[in-house]
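In what follows, a structure is listed as structure tokens, so that the remarks can point back to it.
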Amino acid sequence: MLRIRPAAMTTMTTILALIPIMFSTGTGSEIMKPMAAPTIGGLVTATLSNLILVPVLYSWWYERSVKKGK
């Protein structure tokens, strides 16, 4: 539980920094926009995966191994 806040804060600050780049129209935006969109998607996906999916799968796996051992 102590790791959720720092991980979420780091992800949110990076996403907030990339949002203006995604919607920019100035010089160089044609190069930066295609880099910002997948980065935001990857950050969201990786964060949700690490905070939700991995602990759930680990708990499921651990319960199965405990039941087999008994």
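The values are calculated or read from the model by the stated rules, or taken from the named source; none is laboratory data. Bear in mind that the values here come from a model prediction, so they are computed numbers and not experimental data. Heads up, the Cβs are rebuilt from the backbone with ideal geometry, glycines too, and the neighbour counts pull from every protein chain shown.
Do the conditions hold for Val66, that is, is it hydrophobic (A, V, I, L, M, F, W, C), surrounded by 10 or more Cβ atoms within 10 Å (Cβ to Cβ) and part of a helix (DSSP H, G or I)?
Against the criterion (hydrophobic (A, V, I, L, M, F, W, C), surrounded by 10 or more Cβ atoms within 10 Å (Cβ to Cβ) and part of a helix (DSSP H, G or I)), Val66 does not qualify.
Of all residues in the stretch 11-30, how many are farther than 19 Å from Thr45 by Cβ, assigned to a helix (DSSP H, G or I) and small (Gly, Ala, Ser)?
Within the stretch 11-30, the subset farther than 19 Å from Thr45 by Cβ is 20, 23-30.
When the remaining residues are screened for being assigned to a helix (DSSP H, G or I), the result is 20, 29-30.
Then drop every residue that is not small (Gly, Ala, Ser), which leaves 29.
Count: 1.
What number of residues within the stretch 36-50 are surrounded by 14 or more Cβ atoms within 10 Å (Cβ to Cβ) and more than 14 Å from Met22 (Cα to Cα)? Give the steps one after another, and end with the answer.
Taking the stretch 36-50 as the starting set, the residues that turn out to be surrounded by 14 or more Cβ atoms within 10 Å (Cβ to Cβ) are 36, 39-40, 43, 47, 50.
Filter once more, keeping what is more than 14 Å from Met22 (Cα to Cα): 43, 47, 50.
Matching residues across the stretch 36-50 total 3.
Could you tell me whether Thr10 is out of contact with any helix residue (DSSP H, G or I) (no Cβ under 7 Å at 6 or more places or on another chain), surrounded by 12 or more Cβ atoms within 10 Å (Cβ to Cβ) and without any contact (Cβ under 8 Å) to a residue 24 or more places away in the chain? Give the derivation first.
Values: out of contact with any helix residue (DSSP H, G or I) (no Cβ under 7 Å at 6 or more places or on another chain): yes; surrounded by 12 or more Cβ atoms within 10 Å (Cβ to Cβ): yes; without any contact (Cβ under 8 Å) to a residue 24 or more places away in the chain: yes.
So Thr10 fits the description; yes.
Could you tell me which numbered condition Ile4 fails, if it satisfies all but one of (1) at pLDDT 90 or above; (2) surrounded by fewer than 12 Cβ atoms within 10 Å (Cβ to Cβ)?
Here Ile4 meets the rest and fails (1).
In the stretch 22-64, what count of residues is obtained for those that are touching a residue at least 12 places away in the same chain (Cβ under 8 Å), within 19 Å of Arg5 (Cβ to Cβ) and of a type in the set (S, T, N, Q)?
2
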